[in-house]
1. Would you pick out the residues in the stretch 51-102 that are touching a Phe, Trp or Tyr at 6+ places or on another chain (Cβ under 7 Å) and among the basic types (Lys, Arg)?
2. Residues of the stretch 276-311 being surrounded by fewer than 19 Cβ atoms within 10 Å (Cβ to Cβ) and of a type in the set (S, T, N, Q), which ones?
3. In the stretch 237-246, which residues are surrounded by 14 or more Cβ atoms within 10 Å (Cβ to Cβ) and touching an Asp or Glu at 6+ places or on another chain (Cβ under 7 Å)?
4. Return yes when Gly337 is farther than 22 Å from Ala140 by Cα and either part of a helix (DSSP H, G or I) or hydroxyl-bearing (Ser, Thr, Tyr) (or both) and no when it is not.
5. Is there any pair with a first residue in the stretch 51-79 that is over 16 Å from Ala37 (Cβ atoms) and hydrophobic (A, V, I, L, M, F, W, C) and a second that is modelled with pLDDT under 95 and not in a loop (DSSP other than H, G, I, E, B) whose Cβ atoms are under 6 Å apart and which are 6 or more apart or on different chains, and what are they?
6. Condition check: under 20 Å from the mean Cα position of the chain (by Cα) and basic (Lys, Arg). Does Arg229 satisfy that?
7. Filtering the stretch 94-128 down to residues that are surrounded by fewer than 24 Cβ atoms within 10 Å (Cβ to Cβ) and either touching a Pro at 6+ places or on another chain (Cβ under 7 Å) or at pLDDT below 95 (or both), which residue is farthest from Val167 (Cα to Cα)?
8. Of everything in the stretch 115-131, what is in a helix (DSSP H, G or I), touching a Leu at 6+ places or on another chain (Cβ under 7 Å) and hydrophobic (A, V, I, L, M, F, W, C)? Give them in sequence order.
Amino acid sequence: MTRAAVAAAVAVVFWGGYSLASRSRIAALQRDCELAAKQENWSELNRASRVWTHLAPATPEAWVARAEARRRLFDFAGTAAALDRIPKSFPRFPELTLLRADLLLSEIRNVPAAEAAWNQVLEVDPLSAQAWQRLIYVHAMTLRRTELMDLIRRAALLQREPAEAYVYAMTWSDMSFSDGAVRLLEWTQVTPGVEPLEVALAIYMASAPFRSSSALFPDPELVPGSMARVERCRTLYPHNANLVAFLIDLAITDGDVEAVERLLGDARGTEADARFPRYRGWLLETRRQPAEADQEYRKAIALHPLDWKTRQQRGGVLRTLGQADAAKRESELALRGKRIGRSLSQLPTAADADEGLMREVLAYMEDCGEQELATALRRRL
C-alpha cells in the first residue's frame with residue numbers, strides 16, 4: 001500500500017470515529033435536555049442546550065430547547081434570538097415564530113422585528129389568524145390607515161380578519177387609542193428613528209389633553225398637547241403622509257386655505273389614502289368649484305366607502321349642485337357612520353362590540369357599497 005493510501009485509510013478511520021463520537025455526544029445532549037425539561041431544571045437545560053446548539057447549529061430541536069431554557073430563565077431577548085434560528089422548513093416554524101413575535105412586541109418592544117416575524121409566518125401559513133390579528137393591531141395603533149385597510153381587506157378575503165378589524169374600519173377617520181402615547185413611547189425608546197413609530201408618537205402627544213407641569217414631563221417634546229414632537233418630525237420626515245394629514249386637519253379646522261394647499265404639495269405616497277382627495281375636495285369647495293370638488297369626494301369614497309367625513313362634505317357639495325336627493329342620502333349616511341363610529345369608540349376594547357351593534361355596522365357597509373367587508377362580516381354574524 002502506498003503512503004498516500006495509508007494516509008487516506010487513517011483519515012477515514014479518524015473522521016469516521018470522530019463522526020460517531022460526535023453523534024453519540026449530540027444524542028447524549030438531547031437526552032440531557034429532555035431530562036432537564038422533565039425535571040424543570042432550567043439551569044441544566046440552559047447548559048446542555050447551549051452545548052447542543054454549538055455542536056449541531058443546524059438542528060432545530062436544539063434551538064427549541066435553547067429557547068425554552070432562556071424563556072424559563074426570563075431571558076426574553078435570548079429566547080427570541082434562539083427562536084430566530086428555526087428554519088422555515090421546520091414543521092413548528094409558524095407556532096414558534098408567533099411566540100417569538102409576541103415576545104418581541106410585549107417584552108422586548110421591538111415592533112419592526114415583530115412585524116417582520118408575523119410576515120414570515122404568513123409566508124409559510126397565510127391562514128394564521130394570530131399573525132393577521134397582530135399585524136392589524138400594530139398598524140392601527142401606529143395610525144397607518146392606508147396599510148391598515150389593505151391588511152384588513154386581505155385578511156377578510158381569507159376569512160382570517162379579527163373582530164376588531166371592523167371597528168378599525170368604522171373609526172378610520174378618528175382613529176386613536178387611549179394608551180397610544182404610552183405604547184409608542186415604549187416602542188420608540190427601543191427602536192428610535194423608525195419613521196412610522198416616531199410620527200405616530202408625535203401625533204399622539206400633540207392630540208393629548210394639554211398638561212403644563214414640567215415636573216411630570218421633564219422632556220419638553222413629550223408634554224401632552226405640545227406640538228414640539230410634531231415639529232421635529234416635520235423636519236425629519238417632511239413628506240410623511242400621516243404627519244401631513246394631521247397638519248392638514250389642523251389647518252382645515254383653522255380655515256387656513258393657504259396652509260392646506262401648501263401641505264398637499266408636501267405629501268408623498270398618498271395614491272391609496274382616502275384622506276387626500278377629501279382634502280383636495282375641501283380646497284376646491286373653498287374656491288367655489290363644487291363640480292370639481294365632487295369629483296375628488298367620489299375618489300375618496302371609492303378608496304374608503306365608510307368614511308363618514310367625506311360623505312358629509314359631499315352632501316354639502318351635492319346640495320350646491322342642486323342634487324337634493326343624492327345630497328340627502330349622503331348626509332344620512334354620514335350621520336349614521338358618525339353615530340356608529342362614536343358608539344364603537346366608546347367600547348372598552350375594539351373586540352367588545354355586541355351583535356346588535358355589528359349588525360348596524362353591516363347595514364351601513366352594505367348601504368355604502370363596501371361589499372368586500374360586508375360579505376366577510378355577514379359570514380361572522
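1. Once the filter is applied, which keeps residues that are touching a Phe, Trp or Tyr at 6+ places or on another chain (Cβ under 7 Å) and among the basic types (Lys, Arg), the stretch 51-102 yields Arg72, Arg85.
2. Thr286, Gln289, Gln295
3. We begin by selecting, within the stretch 237-246, every residue surrounded by 14 or more Cβ atoms within 10 Å (Cβ to Cβ); these are 237, 240-246.
Result: Tyr237, Asn240, Ala241, Val244.
4. no
5. Leu55/Ile26; Ala56/Ile26
6. no
7. The selected residue is Val124.
8. Ala117, Trp118, Val121, Ala131
The values are calculated or read from the model by the stated rules, or taken from the named source; none is laboratory data. Keep in mind the model is a prediction, meaning the values are calculated, not measured. Note that each Cβ is placed from the backbone with ideal geometry, even for glycine, and that neighbours are counted across all protein chains shown.
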